[in-house]
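In what follows, a structure is listed as structure tokens, so that the remarks can point back to it.
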Amino acid sequence: MKIITITLNPAFDIHYEIEDFRLYKENYVSSILISAGGKGINVSRALQKNNIDNMAYIILGRDNAPDFVSRLEKEELNFKAIYCDGRIRENITIHSSDGRETRISQDNFHLSPDILDKLLEELKKSIDQNTILVFAGRIPKGLSKGRVIGFLQELRKGACLLVVDSNSFSMEELLRIRPWLIKPNEQEIESLIGERVNTLEQAKRAAVKIHDMGIDNVIISMGKEGAVMASAEWSGGVRAPSISPVSTIGAGDSMIAGFIGAYSQGLDRKECLKNAVAFGTAACLTEGTAPPRYNDIQKIRDKVIELE
């Protein structure tokens with residue numbers, strides 16, 4: 001199967017290591033890590049790092065696009081860029097020695113509807129019933145949700161398997177889009193269904209509830225507690241072994257990569273979820289938004305257990 005990712009709202013991910021970060025004080029940076037990021041790009045990067053072919057479609061602001069493109073080319077990521085006016089965002093994460101992270105995210109990128117139309121025409125040339133299409137990340141300024149919903153509905157007419165991982169949509173809007181797969185985390189699922197979800201059992205019920213509404217595959221990630229899913233083929237949960245995380249940023253994107261990568265290779269839903277959790281857990285062992293390493297994934301994958 002072909003795998004394509006879409007990133008409308010990319011960003012430079014900038015990570016500062018600070019020994020003892022203190023608010024309202026002068027702080028000294030011990031190391032800096034900069035990468036070309038965005039949720040769809042992170043999915044593509046995790047797949048590519050683990051030898052699973054894919055293509056990333058990205059919208060880039062011209063003002064600082066050359067540096068972004070250069071970083072993607074150095075990683076040998078397969079991508080197609082569509083350019084527009086403006087500047088790519090910068091997301092800053094401060095990592096303190098106590099393990100806490102502070103994030104500062106810009107929200108200054110604007111996208112005009114004509115660029116979305118151009119992207120739609122490009123994608124229509126590539127998608128068919130053998131395509132997994134991942135739409136990930138927030139909707140940028142300049143686009144209405146209605147316009148993006150129409151964009152996704154039009155893509156679904158190509159019979160692709162549409163994955164939506166975005167906190168921009170309500171439950172009602174997701175049901176209009178009817179994606180093949182969604183993967184909310186423990187905070188996002190509460191927003192979607194309007195109920196508290198504190199336990200795996202509650203997460204299981206929430207996943208089944210959304211599946212019964214009409215979404216084929218529903219995964220809910222619950223951090224170190226594991227993940228659950230509901231589908232027509234299999235419903236259940238799995239948990240990875242405990243680790244000492246380096247950075248949790250991008251772990252959810254790696255989960256999606258692990259699931260669709262396994263699905264594209266013909267694995268059943270239970271094995272796809274185990275692979276997703278292995279990818280997501282392994283991603284926590286790398287700095288910043290760096291993709292999970294193959295050896296880490298394999299070691300963790302052997303220890304992922306099915307929950308009762």
Handout entry: Odd one out for Leu174 among (1) closer than 28 Å to Val197 by Cβ; (2) part of a loop (DSSP other than H, G, I, E, B)
Key = (2)
Completion exercise
Expected output for region 61-80 (first residue open to solvent by 20 Å² or more (accessible area, probe 1.4 Å), partner of a type outside the set (S, T, N, Q) and in a helix (DSSP H, G or I), Cβ below 9 Å, 6+ apart or cross-chain) is Glu75/Arg45; Glu75/Lys49; Phe79/Ile41; Phe79/Val69; Phe79/Leu72; Phe79/Glu73; Lys80/Glu122
Exercise for the section: Within region 201-212, identify whether any single residue is open to solvent by 10 Å² or more (accessible area, probe 1.4 Å), closer than 23 Å to Gly250 by Cα and of a type outside the set (Lys, Arg), and answer yes or no. Expected result: no
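Each row is one residue, and each column tells you yes or no for (1) open to solvent by less than 10 Å² (accessible area, probe 1.4 Å); (2) of a type in the set (S, T, N, Q); (3) in a strand (DSSP E or B).
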{"residue": "Asn27", "(1), (2), (3)": "no, yes, no"}
{"residue": "Ile34", "(1), (2), (3)": "no, no, yes"}
{"residue": "Leu47", "(1), (2), (3)": "yes, no, no"}
{"residue": "Tyr57", "(1), (2), (3)": "yes, no, yes"}
Completion exercise
Arg87 fails exactly one of (1) assigned to a loop (DSSP other than H, G, I, E, B); (2) closer than 19 Å to Ser35 by Cβ; (3) within 21 Å of the chain's Cα centre (by Cα), namely (3)
Completion exercise
Over region 1-16, the set of residues of a type in the set (D, E, K, R) and either part of a loop (DSSP other than H, G, I, E, B) or within 23 Å of Ile88 (Cβ to Cβ) (or both) is Asp13
Practice task
Quick one: in region 161-180, of everything that is open to solvent by 10 Å² or more (accessible area, probe 1.4 Å) and among the aliphatic types (A, V, I, L, M), which residue is nearest to Gly214 (Cα to Cα)?
Solution key: Leu175
Handout entry: helices (runs of 4 or more DSSP H) contained entirely in region 248-308, each with at least 2 residues that are touching a Ser or Thr at 6+ places or on another chain (Cβ under 7 Å), modelled with pLDDT under 95 and open to solvent by 10 Å² or more (accessible area, probe 1.4 Å)
Key = none
Problem - Selected residue (only one of Lys157, Lys145, Lys124, Lys141 is without any contact (Cβ under 8 Å) to a residue 12 or more places away in the chain and of a type in the set (D, E, K, R)) - result: Lys157
Practice task
Would you check if there is a residue in region 144-154 being open to solvent by 30 Å² or more (accessible area, probe 1.4 Å) and in a loop (DSSP other than H, G, I, E, B)?
Solution key: yes
Fill in the blank from the handout: Here the qualifying pairs (Cβ atoms under 7 Å; residues six or more apart or on different chains; first in region 182-199 and part of a helix (DSSP H, G or I); second open to solvent by 70 Å² or more (accessible area, probe 1.4 Å)) come out as Glu188/Asn167; Glu190/Arg196; Ile193/Lys209
Completion exercise
Within region 106-141, the count of residues that are farther than 30 Å from Ile52 by Cα, open to solvent by 20 Å² or more (accessible area, probe 1.4 Å) and not basic (Lys, Arg) comes to 7
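The values are calculated or read from the model by the stated rules, or taken from the named source; none is laboratory data. The structure presented is a predicted model; accordingly, all values stated were derived computationally and were not measured. All Cβ positions, glycine included, derive from the backbone under ideal geometry; neighbour counts span all protein chains shown. When the accessible area is computed, the model is the full protein with side chains, heavy atoms only, and any ligands, DNA or RNA have been set aside. Shrake-Rupley method; radii C 1.70, N 1.55, O 1.52, S 1.80 Å.
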